[in-house]
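Presented below is the structure to which this report refers.
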Amino acid sequence: MEKTLNEIKNLLHKREQDDPTAKRFLAVGLTAKKNLCVHRDVDVWRAQSSVDTECRKRTSEWVRVQHRGLQAQDEFLCPYYENFMESPP
């Protein structure tokens, strides 16, 4: 992933040098949940399948609906995902 993002940076730099009037574009690098998860209860898992399972337990729509309105939701649901879902597009 890091190599790919560096290549994109190099490409953007070269493109800007060759044609300063060229339109800019946005490049996004996506990676696995295991590499991105910062939830303290999920981050401790090392196996990819375990990270994915634990993540789904906290972000699946049916789980979120089930826990909505419960006081314990903050302890179980992923606060990072909840904040993301509540933010404007």
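Please give the contour-minus-distance gain from PHE84 to SER60: 0.36 nm per residue of separation, less the Cα-Cα distance, rounded to one decimal in nm. Intermediate results must be reported in sequence, preceding the final value.
Details: separation 24, 0.36 × 24 = 8.64 nm, distance 1.38 nm.
Once the chain is fully extended between PHE84 and SER60, it gains 7.3 nm.
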*What full-extension length gain, to one decimal in nm, is calculated for LYS9 and SER50 as 0.36 nm per residue of separation minus the Cα-Cα distance?*
11.5 nm
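Each value in this text was obtained by applying a stated rule to the coordinates, not by laboratory testing. Here the structure is a predicted model, which is why all the values come from computation and not from measurement.
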